[in-house]
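Right, one structure below, let's go through it.
The values are calculated or read from the model by the stated rules, or taken from the named source; none is laboratory data. Computed from a prediction, not measured in an experiment: that's the story for all the values here. Cβ placement follows ideal geometry from the backbone for every residue including glycine, while neighbour counts extend to all protein chains displayed.
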Amino acid sequence: MQSFAHALLCLALSTSAAIAAPTEASKDSPPRYTQASAQTRDIAERYFQAYLRKDWAQLEPLMAEQIQFRDTTAALVFGTLDQAGKPRLTQYLRQVYPYIETHEFKLERSFFAGQQAVFVGVSDWSFAPPGTPAVRSRTPIVIALQVQGGQVIEHLEMGDLQGYVEAARLAGATK
């Protein structure tokens, strides 16, 4: 019994030593991760600020040709907002975003992890599509960007639109 316990202990120690021993790839990972995170931060912050300002001239060069835009949380309120490709996304932004009359974003937290950038905050905004009253609401939101090759390849938004739904109901903007 003791020899089995001793063998098990030896196996556990050798396995943990193998796991803890750095490989050639893992020796390079922290600098690569740090460098990728810094590059992502630079691109993502410029993209995010241009997006908030609706500065399409500054935003477009930061978009990859194959950019994907998704907001799955908006589907039940606004319909599918997914846009694939730079031409479709820029057309969508130029057609829909003018109806955002006011917008202030209060950033609560952001982080940059490798090729991912995440912005968490609250969007205080008013939206008035043609023929409907303006609806103002405060929406907690998460915006995640993926950066590759110096451009944003994915823009994902997720917001809690309950406040908007209630405000729209009170404003008579929904049927």
Unmet requirement for Arg109, which otherwise passes all of (1) outside any helix (DSSP H, G or I); (2) of a type in the set (Lys, Arg); (3) at pLDDT below 95: (3)
Cβ pairs under 8 Å, 6+ apart, first in segment 61-90 and within 14 Å of Val147 (Cβ to Cβ) and assigned to a loop (DSSP other than H, G, I, E, B), second at pLDDT below 95 and small (Gly, Ala, Ser): none
Residues of segment 131-151 satisfying the condition of being without any contact (Cβ under 8 Å) to a residue 40 or more places away in the chain and among the β-branched types (Val, Ile, Thr): Val135, Thr139, Ile141, Val142
Residues that are among the acidic types (Asp, Glu) and surrounded by 12 or more Cβ atoms within 10 Å (Cβ to Cβ), drawn from segment 82-107: Asp82, Glu101
Number of positions in segment 98-112 that are out of contact with any strand residue (DSSP E or B) (no Cβ under 6 Å at 6 or more places or on another chain) and within 17 Å of Leu145 (Cβ to Cβ): 1
Residue that is farthest from Ala171 (Cα to Cα) [pool: residues in segment 111-130 that are without any contact (Cβ under 8 Å) to a residue 40 or more places away in the chain and within 16 Å of the chain's Cα centre (by Cα)]: Phe111
